[in-house]
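This report refers to the structure that appears directly beneath it.
The values are calculated or read from the model by the stated rules, or taken from the named source; none is laboratory data. Source: prediction; values computed, not measured. Neighbour counts run over all protein chains shown; Cβ positions are idealised from the backbone, glycine included. Each accessible area value is taken on the protein alone, full model and side chains, heavy atoms only, with ligands, DNA and RNA left out. Shrake-Rupley method; radii C 1.70, N 1.55, O 1.52, S 1.80 Å.
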Amino acid sequence: MKKNKKKIRYDRIVIVLIVLILIIALVFGGIKLLTNKDTTKNTNEIKMIHLRDLDETNKFVSENELKLEITYEYNDEKEKDKVISQSIKVGDIINKGDTLKVVVSLGKLDKEKLASDNINELGTVPIMMYHGIVDMKSSETEYTGGNVDKDGYNRTAEAFREDLEFYYQNGYRMVRLTDYIDGNIDVEYGKSPIILTFDDGNENNLKVKGLDEDGNIIIDENSAVGILESFKEKYPDYNVTATFFVNGGLFNQPEYNEKILKWLVENGYDVGNHTENHLDIKKSTSEQVNKEIVSVYKQLDEIIPEKYVNIIALPFGSPYNKEHENFGYVLKSTYNGATYETKAALRVGWDAEYSPFDKDFDPTFLKRCRAYDNNGKDFDIEMVFKLLETKRYISDGNVSTIVTSEKNSSKISDNVNKEVITY
Ligand SMILES: [Zn+2]
């Protein structure tokens, strides 16, 4: 009996011990959980939430300093700007700097609306060719419209302002030449791309009046860039940009040339090659061609390394055909051990160019439209834009899709790797 009683007491002790161990385990576990929570706070771990729309996504991404990649898709169920899917699951722990991918709806694909809005990304794109912008009124010249000289190579500041207003009011929005060549046309729905180019590095393209107290250039408001900058403020959705093609004298302001080049590439403009001495390539030796092209690239390389564009505007638009023996040296130039490749060449032209998604698009021989006045004849501005009315590129507002009519779809290049939508 006594022995039995003792045994029972031992059993009780064992039970009490087990309970105690359990309590200790729970308490420590709890503390550990709390500690973990604290660590979460300290390392800025974030719990992924359910994202409903684009606004919510942008807010979440900026608050938590994430990287965002958005793909847009047409979707029958989700309204425009609603999130279709997110790459990180709700509740997952993420860190600052993580990449979040979301698919956002463009709304229901309404082919009738695309058709009635004439959305056509196989349409043509005007690449405008300017030279000098001269600070005077059109009434002060003796030539047609806003032409400063007989052939209309130079334009008055007044006419240039009117051109920019005209393009904007007619639904054109600027794109970088290099983006157009790469098929990256980011223009809002229903609007058309336009490209501006300036040849010769005329002083009046970006005239420096002096330096401010911080050493920054003060730009003459009546020079081309001064005027462009005023439109940047007037119409923020115009996407103001242009490409300037320079010779060896750059912008012909020796004391400011370097500052000008740096300012341009930092402010959304591009700079390309127009040969060292405005060389007529069809009349030159291969050595001259190589030397003159390499020389300008080297200058740009020294001042704005990796920030200029490997694009050449052919002086005099020469040679006139790609079969010319010197043309190969335009695309690949070697001199004194240095080799430069050129991805696109511009000639002097007349009409608008093909869409970059068109089978016939050839970036190595792009034609431009002369920005001059000639009473609506000989491909002046008036004539070019009248012709564009029936064939212009009109964007669907989405860089990852190509929208055009069924009729145009046979013209789409095989090299295009974007979703094609036809109506
Ligand atoms: Zn020129």
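Thr156 falls short on exactly one of the conditions (1) under 22 Å from the mean Cα position of the chain (by Cα); (2) β-branched (Val, Ile, Thr); (3) under 19 Å from Ala371 (Cβ atoms), and that condition is (1).
Would you say Asp358 is at negative phi, in contact with a Lys or Arg (Cβ under 7 Å, 6 or more places away or on another chain) and either of a type in the set (Asp, Glu) or not assigned by TED's automatic domain parsing to the domain that holds Asp301 (or both)? So Asp358 fits the description; yes.
Residues in the stretch 216-229: is at least one outside any helix (DSSP H, G or I), assigned by TED's automatic domain parsing to the domain that holds Thr178, within 16 Å of the ligand (Cβ to nearest atom) and touching a strand residue (DSSP E or B) at 6+ places or on another chain (Cβ under 9 Å)? For the stretch 216-229, residues outside any helix (DSSP H, G or I), assigned by TED's automatic domain parsing to the domain that holds Thr178, within 16 Å of the ligand (Cβ to nearest atom) and touching a strand residue (DSSP E or B) at 6+ places or on another chain (Cβ under 9 Å): absent. Residues in the stretch 277-298 that are in a helix (DSSP H, G or I), of a type in the set (Val, Ile, Thr) and more than 16 Å from the ligand (Cβ to nearest atom): 1 in all. The residue of the stretch 353-394 that is most open to solvent (accessible area, probe 1.4 Å), among those that are farther than 22 Å from Leu314 by Cβ and touching a helix residue (DSSP H, G or I) at 6+ places or on another chain (Cβ under 6 Å), is Lys359.
Of note, Gly201 does not satisfy the criterion of being open to solvent by 10 Å² or more (accessible area, probe 1.4 Å), within 16 Å of the ligand (Cβ to nearest atom), in contact (Cβ under 8 Å) with a residue 12 or more places away in the chain and within 28 Å of Gly152 (Cα to Cα).
Residue count for the stretch 386-423 under the criterion of being assigned to a strand (DSSP E or B) and not basic (Lys, Arg): the result is 10.
Table: residues versus (1) acidic (Asp, Glu); (2) in contact (Cβ under 8 Å) with a residue 60 or more places away in the chain.
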| residue | (1), (2) |
| --- | --- |
| Asp135 | yes, yes |
| Glu142 | yes, no |
| Asp163 | yes, yes |
| Phe166 | no, yes |
| Met174 | no, yes |
| Tyr189 | no, yes |
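Screening Glu112 on (1) farther than 30 Å from Ile49 by Cβ; (2) surrounded by 20 or more Cβ atoms within 10 Å (Cβ to Cβ) shows it passes everything except condition (2). In the stretch 264-275, the residues that are in a helix (DSSP H, G or I) form Cβ pairs under 6 Å with partners that are away from the ligand (no atom under 16 Å from the Cβ), at six or more places apart or across chains, as follows: Val265/Ile304; Val265/Lys307.
Kindly establish whether Asp301 is free of Cβ contacts under 8 Å to residues at least 40 places away in the same chain, within 16 Å of the ligand (Cβ to nearest atom) and out of contact with any Lys or Arg (no Cβ under 8 Å at 6 or more places or on another chain). Answer is no for this residue.
Within the stretch 313-336, the set of residues being in contact with a helix residue (DSSP H, G or I) (Cβ under 6 Å, 6 or more places away or on another chain) and either without any contact (Cβ under 8 Å) to a residue 24 or more places away in the chain or within 16 Å of the ligand (Cβ to nearest atom) (or both) comprises Ser318, Pro319. Restricting the stretch 251-276 to residues that are within 16 Å of the ligand (Cβ to nearest atom) and open to solvent by 10 Å² or more (accessible area, probe 1.4 Å) leaves a set whose member that is farthest from Asn290 (Cα to Cα) is Asn252.
Taken across the stretch 244-254, residues that are polar (S, T, N, Q) and part of a helix (DSSP H, G or I) do not occur at all.
Across the stretch 59-102, the number of residues qualifying as open to solvent by less than 30 Å² (accessible area, probe 1.4 Å) and of a type in the set (Val, Ile, Thr) comes to 5. For the stretch 43-58, filtered to residues that are aliphatic (A, V, I, L, M) and open to solvent by less than 70 Å² (accessible area, probe 1.4 Å), the residue that is modelled with the lowest pLDDT is Ile46. For the stretch 387-410, indicate whether the set of residues that are more than 30 Å from Asp110 (Cβ to Cβ), of a type in the set (A, V, I, L, M, F, W, C) and touching a residue at least 40 places away in the same chain (Cβ under 8 Å) is non-empty. Within the stretch 387-410, not a single residue is more than 30 Å from Asp110 (Cβ to Cβ), of a type in the set (A, V, I, L, M, F, W, C) and touching a residue at least 40 places away in the same chain (Cβ under 8 Å).
Within the stretch 315-327, at least one residue is closer than 15 Å to Leu250 by Cα, open to solvent by less than 30 Å² (accessible area, probe 1.4 Å) and not polar (S, T, N, Q). For the stretch 319-333, the condition of being assigned to a strand (DSSP E or B) and out of contact with any Phe, Trp or Tyr (no Cβ under 6 Å at 6 or more places or on another chain) holds for at least one residue.
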